[in-house]
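The values are calculated or read from the model by the stated rules, or taken from the named source; none is laboratory data. Computed from a prediction, not measured in an experiment: that's the story for all the values here. Here the Cβ positions follow ideal geometry from the backbone for every residue, glycine too, while neighbour counts run over all protein chains shown. These area figures cover heavy atoms from the full protein model, side chains too; ligands, DNA and RNA do not enter into them. Shrake-Rupley method; radii C 1.70, N 1.55, O 1.52, S 1.80 Å.
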Amino acid sequence: PSPDSPSPPPSVSSRGSTAPGYDRYTNPRYGFTALRPSFFTPQPPPVDGDGQAWASPDGRALLSAYGTNNILNYSPRQDEAADARSLFVVYTNISGNVVTVSGYKDNGRTIVYQRDVVGPGAIDTIYWSYPANQKARWDAAVTLTAVTFRAGDLATGH
């Protein structure tokens with residue numbers, strides 16, 4: 001190629017690669033994978049093995065990734081309504097079985113971003129919560145972790 005031709009974009013989908021500054025987490029029970037900022041500290045995992053949470057160094061930003069069995073047989077629209085219940089909603093989107101809800105809680109002091117992948121047997125989720133005054137700091141991390149989140153087997157409960 002000539003020096004003027006653009007190089008191909010780096011592949012995000014290749015199995016072993018992660019974005020610089022991020023580590024990959026794979027949940028052994030539900031099979032989903034999520035990226036997390038490398039400098040976030042793991043929080044004590046739940047005993048049922050349904051996921052993992054991490055906190056920023058100051059403890060004010062929280063990221064969690066978890067699975068739940070879809071015991072209420074939620075459709076994506078029902079899941080969206082449940083996610084939005086306790087928020088002042090700013091954004092919702094349903095694309096196939098991927099549900100995204102974002103908004104504020106704590107009288108606008110905290111931003112919440114949640115992305116669920118809904119299946120007949122299970123729902124896999126990535127969830128962010130951080131101070132509204134740190135929005136600019138966390139926007140890129142939220143976007144990267146959301147677009148690289150991969151659901152596990154959603155056909156059955158786990």
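Looking only at region 11-21, decide whether some residue is surrounded by 11 or more Cβ atoms within 10 Å (Cβ to Cβ) and either at pLDDT 95 or above or part of a strand (DSSP E or B) (or both).
Taking region 11-21 first, the residues surrounded by 11 or more Cβ atoms within 10 Å (Cβ to Cβ) are 12, 17-19, 21.
Those still in the list that are either at pLDDT 95 or above or part of a strand (DSSP E or B) (or both) too: none.
No, region 11-21 contains no residue that is surrounded by 11 or more Cβ atoms within 10 Å (Cβ to Cβ) and either at pLDDT 95 or above or part of a strand (DSSP E or B) (or both).
Looking across Tyr66, Tyr113, one residue alone is under 20 Å from Pro45 (Cβ atoms) and in contact with a Ser or Thr (Cβ under 7 Å, 6 or more places away or on another chain). It is Tyr66. Residue check: Arg60 meets all listed conditions (1) in contact with a helix residue (DSSP H, G or I) (Cβ under 9 Å, 6 or more places away or on another chain); (2) open to solvent by 40 Å² or more (accessible area, probe 1.4 Å); (3) modelled with pLDDT under 90 but one, namely (3). The set of residues in region 70-108 being touching a residue at least 24 places away in the same chain (Cβ under 8 Å) and either exposed (fewer than 14 other Cβ atoms within 10 Å of the Cβ) or among the hydrophobic types (A, V, I, L, M, F, W, C) (or both) consists of Ile71, Asn73, Leu87, Gly108.
Is it the case that Ala136 is more than 22 Å from Ser56 (Cβ to Cβ), open to solvent by 20 Å² or more (accessible area, probe 1.4 Å), of a type in the set (A, V, I, L, M) and at pLDDT 95 or above? Against the criterion (more than 22 Å from Ser56 (Cβ to Cβ), open to solvent by 20 Å² or more (accessible area, probe 1.4 Å), of a type in the set (A, V, I, L, M) and at pLDDT 95 or above), Ala136 does not qualify.
No other residue among Tyr66, Tyr91, Tyr104 is modelled with pLDDT of 95 or more, touching a helix residue (DSSP H, G or I) at 6+ places or on another chain (Cβ under 8 Å) and not aliphatic (A, V, I, L, M) apart from Tyr104. Within region 24-47, being under 12 Å from Ala141 (Cβ atoms) and in a loop (DSSP other than H, G, I, E, B) holds for Ser38, Phe39, Phe40.
State yes or no: is Asp153 open to solvent by 40 Å² or more (accessible area, probe 1.4 Å), assigned to a loop (DSSP other than H, G, I, E, B) and out of contact with any Asp or Glu (no Cβ under 8 Å at 6 or more places or on another chain)? Criteria met by Asp153.
Residues of region 111-158 that are β-branched (Val, Ile, Thr) and either within 26 Å of Phe39 (Cβ to Cβ) or within 10 Å of the chain's Cα centre (by Cα) (or both): Ile111, Val112, Val117, Thr125, Ile126, Val142, Thr143, Thr145, Val147, Thr148. For region 24-56, the set of residues classified as exposed (fewer than 14 other Cβ atoms within 10 Å of the Cβ) and not charged (D, E, K, R) consists of Thr26, Pro28, Ser38, Phe39, Thr41, Pro42, Pro44, Pro45, Pro46, Val47, listed by residue number.
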